[in-house]
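Input: a single structure, listed below in structure tokens.
The values are calculated or read from the model by the stated rules, or taken from the named source; none is laboratory data. Predicted, not measured: the structure shown is a model, and the values here were computed from it. Here the Cβ positions follow ideal geometry from the backbone for every residue, glycine too, while neighbour counts run over all protein chains shown. Ligands, DNA and RNA are excluded from the accessible area calculation, which covers all protein heavy atoms including side chains. Shrake-Rupley method; radii C 1.70, N 1.55, O 1.52, S 1.80 Å.
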Amino acid sequence: MTDSQPVISCRNAWKIFGPDPEQFYANISADMSFEDMRAQGYIAGVRDVSVDVAKGEMLVIMGLSGSGKSTLVRCLSRLHDITAGSITVDGQDLGSLSEKELIELRRRKMGMVFQSFGLLPHRTVLENVAFPLEMRGQDKHERRKRALEVVELVGLSGREEYFPRELSGGQQQRVGIARSLAIEPDIWFLDEPFSALDPLIRREMQDEFLRLQEMLGKTIVFITHDFDEALRLADRIAIMKDGAVEQCDTPDQIVLNPATEYVTKFTEDIDKARVVHAGAIAKPVNGEPVMGTPVSSGKTIQDLARLLVDDTRDLIPVTSDDGTIMGNLDRVEALDILLR
Amino acid sequence: MTAIDTQMPARIGSLSNARVATILFAVAALIAIAKPILPDGLIRLPDWMILPWAPWLQAMFDFVREDLGLIYVTRTITAGLEFVLDTTGNILYGKHRWPYLGPISWASIVGASGVLGYWLGGTRLALIAGGTWVWTAVIGQWELAMETMSVIVVAAPIAVAIGVGMGIQAWRHRRVEVALRPILAVLQTLPFFTYLLPAVIFFKVGPTAAAVATIIFAIPPMILMTTLGLKKVSPDIVEAGQMSGSTRWQMLRHVYMPAARTEILVGVNQVIMLCLAMVVLTAFIGMPGLGAKLLAMMGSFKLGRSFEIGVTIVLIAVMLDRLSKAWIVKQPVHFEKGSPWSQRHFFLLAGIAAFVVLALLAWVVPYFHEVGRRQDLSMGKEIDFAIKWVLDIDAIQATTQWLRWFLNTKVLIPFRDSILWLPTPSAILLFSAAAYYVGGLRSALVIACFFGIVALTGWWDRSMITLYTVISAVILATILGIPLGIFASRNEKWSGRILLACDTAQTFPSFIYLIPAIMLFGVNDVAVIFSILIFAMVPLTRYTIEGLRGVPVELTEAADMAGSTRRQKLMHVQLPLALPTMAVGFNQAIMFAFFMVIIAAFIGTQDLGQELQRTLAGNELGKNFVLGTCVSVMALAFDHVIRRWVTDRKSALGLD
């Protein structure tokens, strides 16, 4: 994660649905529960949410259906206007943009992928992918060239002239991904992109997605209701419930130190050894001896399973990405995680 | 508001709807029994209460027309419309007007339509499209058909354009939608004469007025379908469009409209069919073409020629319907990268080729250009003879005569007399009681108000005759149509067949239904009832089949496993669940009947239709509107009550 100013910064954002949200927000008290609001005919889709997304970071928003994760991402892309709070994108206040500026922002900086693809049924693959380029008025040859590039990027070469109905679900979502990438956005929103797909295809698409991300290095907000998917992809995870963010942290921290009861329940069934990295539980050296061959901080405890069992050292040194020693791993503590 | 209504029907005190209805009914009966001792003013409204609406309206129309200068506006529109109609007239049937190119030879149109049909739906549609025109030409009705088509090709696109435009406005602004809804409801129940007369008065008699009446008549479904389609566009597609940075116009043009394609094309199909139905009826205001010829032939009782024209109209209706429906389901086909232009546009080229080649052929062989008067294969006289021969068979004559006698003396006349005998307040109370039973106080008030309007216009007796005709025809249609539907729904094959027949019959312009009625029964009340009956049977049968077949399989299987007989299953499971759908069909049957009963004025009825037809001759716009209102409010009354029942029933059954 970088030190510069965050790309997306969301401060105390509220999104309330109901007959007169502003009025309702003005009279709201801090301890009012979700049910209390509902009893009065209001739903807090997003409740006092503050999150930052740094450049090149992948933030995964996780929650069950109705938890407000889709609403939050729609506030970040201003498909919904927030009721209160502020959201800035690259330092620009999203709420104060005029319609024209907003359109311009979407044409230059944002891309979004939808759960049920949102493909235009009357356009071919190529025309769908070129759609955002067409909207911003790029000339025909250029947009065709760019569209062909992205279509190839997502592995759909040879299907350019197909119509969406002639493609499988996985292929349709590839078109959705290609379309969102056509304008080379800096910020990439993905709203449960793989939820509508079969488990096997989903896995394949996740790999594909990781490959793309490695190549492109975009700032990503990814939504899912699948905790495994979140753990697999995320730099950080924000877990939502009833519109509020319960915890926002790295996967390791969420698994190791769940902040609330709700998060604990989520993490209970997770095989922690597969999530926690050596770097996350390494302790500073603090004068303890550094002995023998170090392990890389990026390895999960499971990756290190054999070593942890076979090794006799109490403390195993851990190296960070640049090769320097960053601390020691307590072998017993690691074994506890592995054997729990 | 409606949600509250359905949960807590308006009640008076603690009385249930049924109880109040019974009381109202009893009061109605009491007034009827007391008729001999009632003062005249309670039997029919006294004269002083009947205001001279017709002259007032007439004065208002005159004021708008002359003093406000509407006539200048309409004259400008007339001039523009006339120019377009002259152009299509010249191209299609050689009217002596600019561009002096026509007429196109019939063979060319057969060729081009054939290719169009093939492109839309393969060989079958190619045959229907080409075959229809071949029949029209060789039977010697080409020019008539082209006169009719020359108006349709102008009216349909204009109606579609206006309808889509208004539909978009209604979808965008809730206020427009709210304002349009009652107007559309009234427009769809107004008798067609009420479209015709203003058209004649404000626009020039003949094709121009016909086009205007046709356009206005065809617009409502286009508005409704456009709004519906735009509302149904999936949010994902909308958001995808927004995130692509579309402006509002781009959203509409590239996202909403294409995504609503199916509904919009369904609207187009309805517009085309309504245009055909109306353009045939504009014969009443001097529009030449198939309708006028049919009117003339039926008027002089030339059944053979009437029959032939009927066949032509039916064929054209079926063709237009099938082609436009095929267009709805037509999916774009992809071409591999690098396919040449000629391959991508193969059908366009083939169509042009067929057109040109056949035009050249027609140039060499005149028969393919125009079928001469003596060359046609019309067998009007022979068919006439055959029809008369068949009708003269003793058995048939005896049957129709007995039917006529039985219906007339045992059913129709007694029913008519009793409905006419009822004192006005008693009748209104009776209708309101029925409405109260179904929908509570609000419905009862609406119905009382509607029939109150009828009474206040002073056309009560004529209106009751119209009502009696509609009710008797729909009851007969129910007796015949529902068992037919039940029978057909029993198996796949028969439901398919009957549904196809209903679909086809529904595309026929209503005028057609008069032909068999006149053939069988001559010119009298029974023929009127008969023509309405077959017209109204179509939706009844159709919705019965759809309702019964729409019953969830789990439920019928549960009934089977509970050991119910076929009859028990029908009575206790299928019918109760199908009833709301069937009621929709019943409602449509009544709307159809109100439409048809006015057309039947042509046979010589004694009702509102007859009076309406007379207003045409006298240019009495005020009276025309008063009569039109009577028909409309009666139709709306039925519509209100039945819809109310359907909504309540559906929510009670937990359907949608």
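General remarks:
- Accessible area in square angstrom per residue, chain A, 1.4 angstrom probe: 46 Å²
- Note on chain B: dipole from Cβ charges, positive end direction compared against B:F602, B:V474, B:W106; the farthest Cα belongs to B:V474.
- Cross-link partners for A:K265 among the lysines, with Cα-Cα distance under 20 Å and sequence neighbours closer than 8 places in the same chain left out: A:K69, A:K241.
- Cα-based radius of gyration of chain A once divided by 2.2 N^0.38 Å, which approximates compact folds: 1.11
- Tensor-based shape of region B:434-546 (alpha-carbon gyration tensor, a/c under 1.5 rounded, otherwise prolate or oblate): oblate
- Packing here is the average count of other Cβ atoms within 10 Å per residue, and on that basis the peptides A:312-325, B:516-529, A:25-38, B:347-360, highest first, run B:516-529, B:347-360, A:312-325, A:25-38.
- Nearest 10 degrees, 0 to 90: helix A:125-135 Cα axis against chain A principal axis: 70 degrees
- Rounded, prolate or oblate (a/c below 1.5 giving rounded, otherwise prolate when a/b exceeds b/c) for region A:211-281 by Cα gyration tensor: oblate
- Where B meets A: accessible area buried, both sides, 1.4 Å probe, Å²: 2500 Å²
- Residues A:C248, B:C630, B:C449 ordered from highest to lowest accessible area at a 1.4 Å probe: B:C449, A:C248, B:C630.
- Counting only DSSP beta bridges with both residues in region A:274-339, the antiparallel share comes to about 80 percent.
- In chain A, the DSSP-assigned H stretches of four residues or longer account for a calculated mean residue ellipticity at 222 nm of -10500 deg cm²/dmol, using -39500 (n - 2.57) per stretch and the full residue count as denominator.
- Taking only protein heavy atoms and a 1.4 Å probe, the accessible area of chain A is 47% carbon and sulfur.
- 10 Å Cβ neighbours from other chains, averaged over peptide A:67-75: 0
- In degrees, nearest ten, helix B:193-202 long axis to first principal axis of chain B (Cα): 60 degrees
- Only helical runs count toward this figure. For chain B, summing -39,500 (n - 2.57) over DSSP H runs of n ≥ 4 and dividing by all residues gives -25500 deg cm²/dmol at 222 nm.
- Residues along region B:214-246 losing 10 Å² or more of accessible surface when the other protein chains are present rather than the chain by itself (probe 1.4 Å): B:D236, B:I237, B:E239, B:A240, B:Q242, B:M243, B:S244, B:G245, B:S246
- Of interest is the spacing of the C-alpha centroids, which for region B:388-416 and region B:221-280 amounts to 50 Å.
- Each DSSP beta bridge with both residues in the protein assembly as shown is either parallel or antiparallel, and the antiparallel ones are about 55%.
- Rounded to 10°, Cα long-axis angle of helix B:424-457 versus longest principal axis of chain B: 80 degrees
- Eligible lysines near B:K569 by straight Cα distance, threshold 30 Å, same-chain separation 8 or greater: B:K493, B:K650
- Taking 19 Å as the straight-line reach from the Cα of A:K299, the lysines in range (excluding those fewer than 8 positions away in the same chain) are A:K272, A:K283.
- Dividing the Cα radius of gyration of the protein assembly as shown by its Kirkwood radius returns 1.07 for Rg/Rh.
- Within a Gaussian network of chain A (alpha carbon springs, distance under 10 Å), most fluctuating of A:G170, A:G292, A:G217: A:G292
- Measuring max minus min along each principal axis, the C-alpha atoms of region A:274-339 give extents of 28, 23, 17 Å (largest first).
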